[in-house]
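Here the structure comes first, spelled out in structure tokens, and everything after it is commentary.
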Amino acid sequence: MQEQRAVGTESKCEGALDRLAGKYMTFKLGDENYALPILTVREIIGLMEVTRVPRTAEYVRGVINLRGRVIPVVDLRVKFGMPAVEATDQTVIIVVQYAHASGDLTIGLLVDQVVEVLDIAVAQIEPPPKFGVVDIDTNFLLGVGKAGDRVTFLLDTQEVLSFSESENIRLLSDAGA
């Protein structure tokens, strides 16, 4: 009986991984590789002046004026607990569409460097690691992609920010509209 449950769980997991196969925009934060589903990426822009908004979370870099729209910018390094670094000529903002309860939200994600668009097959994807510790939140990981000797964390755009974090960022965007 227990074997049947294990097999059922495995095939359920495989079905979830099947849906993850596809094209991803890959980028770097430090030496680590990350990727976003290409369909969530609206555009990539060079680093521009970001206006800091007082009393916001440390990972909220500020807002930019992108063709007349105020777009909040999240520093993914800081959001993921990495040390902030000075921008380089490779630093970019990936503009993504975020589905929020009150409607779509456009957010800029500050990253160290965009690498490439990869087509990741289901055979190259593993489920997110389980650390066995309740405090570690890996809900923002769709899975782990393997390409050659590289490991790439596949991010769930919807889970990178919690609901309350996205609500605060939505309010920033609305304030500038």
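For this structure, a couple of remarks:
- Residue in region 124-136 that is among the polar types (S, T, N, Q), modelled with pLDDT of 90 or more and farther than 15 Å from Lys28 by Cβ present: yes
- Whether a residue is hydrophobic (A, V, I, L, M, F, W, C) and closer than 24 Å to Arg150 by Cα was assessed, and Leu105 does not pass this test.
- For region 86-123, the set of residues classified as surrounded by fewer than 21 Cβ atoms within 10 Å (Cβ to Cβ) and outside any strand (DSSP E or B) consists of Glu86, Ala87, Thr88, Asp89, Gln90, Thr91, Ala101, Ser102, Ala121, Val122, Ala123, listed by residue number.
- Hits in region 22-42 (condition: surrounded by fewer than 17 Cβ atoms within 10 Å (Cβ to Cβ) and either at negative phi or touching a Pro at 6+ places or on another chain (Cβ under 8 Å) (or both)): Gly22, Lys23, Lys28, Asp31, Glu32, Ile38, Leu39, Arg42
- Members of region 45-56 found to be at negative phi and loosely packed, with under 14 Cβ neighbours inside 10 Å, listed by number: Gly46, Met48, Glu49, Thr51, Arg52, Pro54
- Residue check, Thr152 at pLDDT below 90, of a type in the set (Val, Ile, Thr) and out of contact with any Cys (no Cβ under 7 Å at 6 or more places or on another chain): no
- Candidate set from region 57-78 (those that are under 20 Å from the mean Cα position of the chain (by Cα) and in a loop (DSSP other than H, G, I, E, B)); member that is surrounded by the fewest Cβ atoms within 10 Å (Cβ to Cβ): Glu58
- The set of residues in region 26-56 being part of a strand (DSSP E or B) and under 13 Å from Pro72 (Cα atoms) consists of Thr51 alone.
- Of the listed requirements (1) under 22 Å from Pro129 (Cβ atoms); (2) of a type outside the set (S, T, N, Q); (3) at pLDDT below 95, Lys28 misses just one: (3).
- Filtered residue count, region 155-165, keeping only those that are modelled with pLDDT under 80 and surrounded by 15 or more Cβ atoms within 10 Å (Cβ to Cβ): 0
- The residues listed here are Asn139, Asn168; of these, the one that is within 17 Å of Leu20 (Cα to Cα), modelled with pLDDT under 85 and not in a strand (DSSP E or B) is Asn139.
The values are calculated or read from the model by the stated rules, or taken from the named source; none is laboratory data. Bear in mind that the values here come from a model prediction, so they are computed numbers and not experimental data. Heads up, the Cβs are rebuilt from the backbone with ideal geometry, glycines too, and the neighbour counts pull from every protein chain shown.
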